[in-house]
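To keep things clear, I will list the structure first and then write my remarks on it.
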Amino acid sequence: MTDQSPSPRSFSAAAPLQGRIAIPGDKSISHRALMLSALAVGTSRVTGLLEGHDVLATAAAMRAMGAGIERRDGGEWVIDGVGVGGLLQPRAALDMGNSGTSTRLLMGLVASHPITATFVGDASLSGRPMGRVIDPLSAMGADITASPGGRLPLMVRGLAPAIPLSYRLPVASAQVKSAVLLAGLNTPGITEVIEPVPTRDHSERMLKGFGADLSVEADAGGTRHIRIRGEAELAPQTIVVPGDPSSAAFFIVAALIVPGSEVTIANVGLNPTRAGLVEVLKAMGGDIELIDARTVGGEPVADLRVRHSALKGIDVDPAVAPSMIDEFPILFVAAALAEGRTTTTGLDELRVKESDRLAVMATGLKAIGARVAESEDGLVIDGTGGNLLPGGAGIADHLDHRICMSFAIAGLASKAPVTIDDMAPVATSFPGFEALLESLRR
Ligand code: S3P
């Protein structure tokens, strides 16, 4: 997973992007589909699964803990579950690669099973904080030994039966919420997560879909109380994974900033807890049309028709951050091409993603000639008003797929080439990204 030789690529001002594309399956939903199928009693089938390295790391880990997971010709995945409580002791360390979602959610699963698992990952993942899941999972009885700073490599010794918990999230994090709910699946009684700021709700939707006894209640202030009854029996499902809005994001912005473009992106997931970018770009004047809004696999989906637009800078309300948390790098690129100033705040979480995305985006955008100021929790960007950026710089990948893709798109609106030192990280979430981009340039 990590031993490929670097594959640098240059991107520069492009002819209009034209055509219709379909983007790969949603990463968050794909992880959960594999995990819950692996815990159901019987055989589940998943189509549209994202076959990126992150999701394949989850598949390998669930196999190592006893599930049967096979890819059939034609792309259907068939999963034989072990039943909640039935996970087996893995015989080797679980290699999480670059994937924070795999790590945090699987730590939750292991925490309430009578097994011990060691989690390892690449240099990026090994620098990311795991204390946010170690705290609640330890309170449920898991014995967790982490590297200094609460980081990987770490070992989780699960406890069964675990102790049910009522946990108020100290950070807006769907991964932490999901880790606790997944631990709750094999815990007697009711496990509760209290969520003051809503985050992506794929775990809640899918747990219900698999038949778990899960309720969500919002109090007067909007705080959500999510309760799951443990020792659940999950029934196998047939799941269709919608396209990933976080992957669509790169093509939405590409079409908006490359003059003359018109691109239709099919089958984009538009769960309201994920759709913040589309709203923000529309507020900036982006011409984004939703076509054939429908439901796929219990999630709202539409095709998006996006046309080149004269974008205007705005103040982005920090309240939308959780619904577009992975889309800020590419929003910053859109802002660099907009007319006027875009201000973002409340984005401290971006500093602990696959890279410090505030620092890395600020440095890279400045290197290609954008006007950017970095604050503690956001960026202020003065755009070109649609003129090309100077470009002509090299960008370090920082083992961060979204950094690579964001600067590839920035290159399409730059005079001189923008060179990404290694595009390999893109395979974690978006295999085929470059080929898809190429297909729109013909
Ligand atoms: C994810 C939650 C988010 C997001 C990540 C996927 C998930 O992380 O950034 O890419 O699938 O639950 P946080 O929970 O750390 O915000």
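How many nm is it between the label spots at ASP135 and THR116, if each spot is 7 Å from the Cα in line with the beta carbon?
Roughly 2.7 nm, to one decimal.
What's log10 of I(q)/I(0) for segment 385-440 at q = 0.26 Å⁻¹, Debye sum over Cα points only, no solvent?
Evaluating at q = 0.26 Å⁻¹ gives log10 I(q)/I(0) of -1.05.
Determine, for THR419, THR342, THR43, the number of other Cβ atoms within 10 Å of each Cβ, and report the residues in order from fewest to most.
Neighbour counts put them in this order, fewest first: THR43, THR419, THR342.
Starting from the Cα of LEU290, step 7 Å along the direction of its Cβ; do the same at GLU374; then give the gap between the two resulting points in nm.
Each label point is offset 7 Å from its Cα along the Cβ direction, giving 3.5 nm.
Amide H neighbours of GLY121 under 5 Å, counting only residues 5+ apart in sequence or on other chains, H built in-plane at 1.01 Å?
Long-range HN contacts for GLY121: MET96.
Principal axis extents for the chain, Cα atoms only, whole Å, descending order, please.
The Cα atoms of the chain stretch 61, 51, 44 Å along their principal axes.
Using only Cα atoms, find the angle between the long axis of helix 357-367 and the longest principal axis of the chain, and express it within 0 to 90 degrees, rounded to the nearest 10.
Here the helix axis deviates by roughly 20 degrees.
Under the 0.36 nm per residue contour assumption, what length would be gained going from the current alpha-carbon distance of MET155 and SER126 to full extension? The partial results should precede the final answer.
Working: separation 29, 0.36 × 29 = 10.44 nm, distance 1.31 nm.
So the chain would gain 9.1 nm between MET155 and SER126.
If r is the Cβ-Cβ distance from ILE194 to ALA266 and R0 is 41 Å, what FRET efficiency results, to the nearest 0.05? Mind dumping the intermediate values first?
Values: r = 37 Å, r/R0 = 0.91.
After rounding, the FRET efficiency stands at 0.65.
Order of ASP400, ASP315 from fewest to most other C-beta atoms within 10 Å?
Least crowded to most crowded, the residues run ASP315, ASP400.
Mind ranking 60-68, 294-302 by how tightly packed they are, going by the mean number of other C-beta atoms within 10 angstrom, highest first?
So the peptides 60-68, 294-302, ranked by packing, come out 60-68, 294-302.
Amide H of ARG128: which non-local residues (sequence gap of 5 or more, or other chain) have their own amide H closer than 5 Å, using H built in the peptide plane?
LEU152
To the nearest µm²/s, what D does Stokes-Einstein give for segment 27-240 at 4 °C and 1.567 mPa s, using the Kirkwood radius over alpha carbon pairs as Rh?
The calculation lands on 77 µm²/s.
At what distance in nm do the modelled label points of ARG72 and ASP348 sit from each other, each positioned 7 Å from its Cα along Cα→Cβ?
Placing both labels 7 Å beyond Cα along the Cβ direction yields 4.9 nm.
With both bridge residues required to lie in the chain, what share of the DSSP beta bridges run antiparallel, to the nearest 5%? Present the calculation step by step, with values, prior to reporting the outcome.
Working: 54 of 75 bridges.
Counting only bridges with both partners in the chain, antiparallel ones make up about 70 percent.
Counting DSSP beta bridges in segment 363-442, what percent are antiparallel, to the nearest 5? The partial results should precede the final answer.
Details: 5 of 9 bridges.
In segment 363-442, approximately 55 percent of DSSP beta bridges are antiparallel ones.
Determine, at each q value in 0.17 (inverse angstroms), the log₁₀ of I(q)/I(0) that the Debye formula gives when each Cα of segment 308-442 is one equal point scatterer.
Scattering profile of segment 308-442, log10 relative to I(0): -0.89.
Could you work out how much longer the chain between LYS208 and ALA310 gets when fully extended? Use 0.36 nm per residue separation minus the Cα distance between them, nm to one decimal.
Answer, rounded to one decimal: 32.5 nm.
Once phi is turned into θ = phi - 60°, what whole-Hz ³J(HN,Hα) does the Karplus curve with 6.51, -1.76 and 1.60 give for every residue of segment 142-151, x standing for Gly and Pro?
Coupling constants for segment 142-151: 5, 9, 10, 10, 10, 6, x, x, x, 10 Hz.
By how many degrees, 0 to 90 and rounded to 10, does the Cα axis of helix 53-64 deviate from the longest principal axis of the chain?
10
How large is the helix-only mean residue ellipticity at 222 nm for the chain, computed as the sum of -39500 (n - 2.57) over DSSP H runs with n ≥ 4, divided by its residue count, in deg cm²/dmol to the nearest 500?
Taken over the chain, the calculation gives -8500 deg cm²/dmol.
Throughout, read-outs are computed from the coordinates displayed, never taken from laboratory work. Model, not experiment: these values are computed from the prediction. Ideal geometry is used to build each Cβ from the backbone, glycine not excepted, and the neighbour counts take in all protein chains shown.
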